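The values are calculated or read from the model by the stated rules, or taken from the named source; none is laboratory data. What you see is a predicted model; the values in this text were computed from it and never measured. Glycine gets a Cβ as well: all are built from the backbone with ideal geometry, and neighbour counts include every protein chain shown.
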Amino acid sequence: MYDRLRADIVAGAFDAGAALVELSLAERYGTSRTPVREALRRLEQDGLVERGDRGMRVRTRSPEEILEIYEVRISLEATAAAAAAQRHGELDLIRIRRAQAAMEATDTGDPGAMADANRAVHERIWAAGRNGTIVDLLTRLNNHLTRYPATTLAQPGRWTEAIAEHQGIIEAIEARDAERAHDLARDHMTRARDLRLRIYQDGDD
């Protein structure tokens, strides 16, 4: 139930701000109200739904929220990259390089695959930092951003640019240069934030 409702929200089957009534959802998905209630609780934790005056609803979108999410994400991604530079092992580097190679081989005609490949590189870097709290927080922030389905990577020139930026971060991690890894990751995510705001402004979110 959770997976189905989450997928529909992310896909835009429900408008932002739409009421999520337990009885109606139970009928829609052919289930009882109990799994619907549990799914809504989990989706609220994910940041995909929120409590309104008349119950649960799909969380609304705003440029202010984009700024809030990225303000935290920029800081955490930079910290994660610095930690990876300090704490990584050889196996971590192999996994990061493998994810980067998979990203480079991804079909650029498939925005969903592009976003997945990009996220895989970031997740390998997070893991190399050996800080479960940072990984948990970044995962939650990514959940928030799934409500903005248009990927920044589909913007002209961004895919090639992002791959090059990843390469710089990875090289800094390999060199155990925590300061450089931090700064490159910060700049990488700052560019992503600016593109995300432009997409929202253009009405393509």
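Annotations
- Scanning region 43-72 for residues that are within 25 Å of Ala172 (Cα to Cα) and surrounded by 20 or more Cβ atoms within 10 Å (Cβ to Cβ) yields a single hit, Tyr70.
- Residues being within 30 Å of Arg198 (Cα to Cα) and either among the polar types (S, T, N, Q) or in a strand (DSSP E or B) (or both) - total across region 26-51: 4
- Search result, residues across region 37-64 that are closer than 13 Å to Ile9 by Cβ and free of Cβ contacts under 8 Å to residues at least 40 places away in the same chain: Ala39, Leu40, Glu44, Glu50, Met56
- One residue from Asp92, Asp107 being farther than 19 Å from Val10 by Cα, in a loop (DSSP other than H, G, I, E, B) and of a type outside the set (Phe, Trp, Tyr): Asp107
For every residue, the table says whether it meets (1) more than 20 Å from Leu184 (Cα to Cα); (2) of a type outside the set (Lys, Arg); (3) outside the structural domain of Thr151 (by TED's automatic domain parsing); (4) within 16 Å of the chain's Cα centre (by Cα).
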site	(1), (2), (3), (4)
Gly52	yes, yes, yes, no
Ile69	no, yes, no, yes
Ala78	no, yes, no, yes
Ala82	no, yes, no, no
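- The single residue among Thr151, Thr160, Thr139 that is modelled with pLDDT of 95 or more and either surrounded by fewer than 17 Cβ atoms within 10 Å (Cβ to Cβ) or not assigned by TED's automatic domain parsing to the domain that holds Gly47 (or both) turns out to be Thr160.
- Qualifying residue in region 120-134 (condition: touching a Phe, Trp or Tyr at 6+ places or on another chain (Cβ under 7 Å) and over 15 Å from Ala81 (Cβ atoms)): no
- Subset of region 43-76 (residues that are farther than 30 Å from Ala178 by Cα, among the basic types (Lys, Arg) and in contact with a Leu (Cβ under 9 Å, 6 or more places away or on another chain)): Arg57, Arg59
- Output for region 22-36, where each listed residue is surrounded by fewer than 17 Cβ atoms within 10 Å (Cβ to Cβ) and either in contact with an Asp or Glu (Cβ under 6 Å, 6 or more places away or on another chain) or of a type in the set (Val, Ile, Thr) (or both): Thr31, Arg33, Thr34
- Test: residue in region 17-25 that is within 26 Å of Leu195 (Cα to Cα) and either in a loop (DSSP other than H, G, I, E, B) or not assigned by TED's automatic domain parsing to the domain that holds Arg140 (or both): yes
- Counted residues, region 52-63 - those being among the basic types (Lys, Arg), outside any loop (DSSP other than H, G, I, E, B) and farther than 20 Å from Arg4 by Cα: 0
- Any helices (runs of 4 or more DSSP H) falling wholly within region 117-205 and containing at least 3 residues that are within 30 Å of Ala18 (Cα to Cα) and of a type outside the set (D, E, K, R): 132-145, 178-201
- Test: residue in region 32-39 that is closer than 27 Å to Thr151 by Cα and at pLDDT below 90: no
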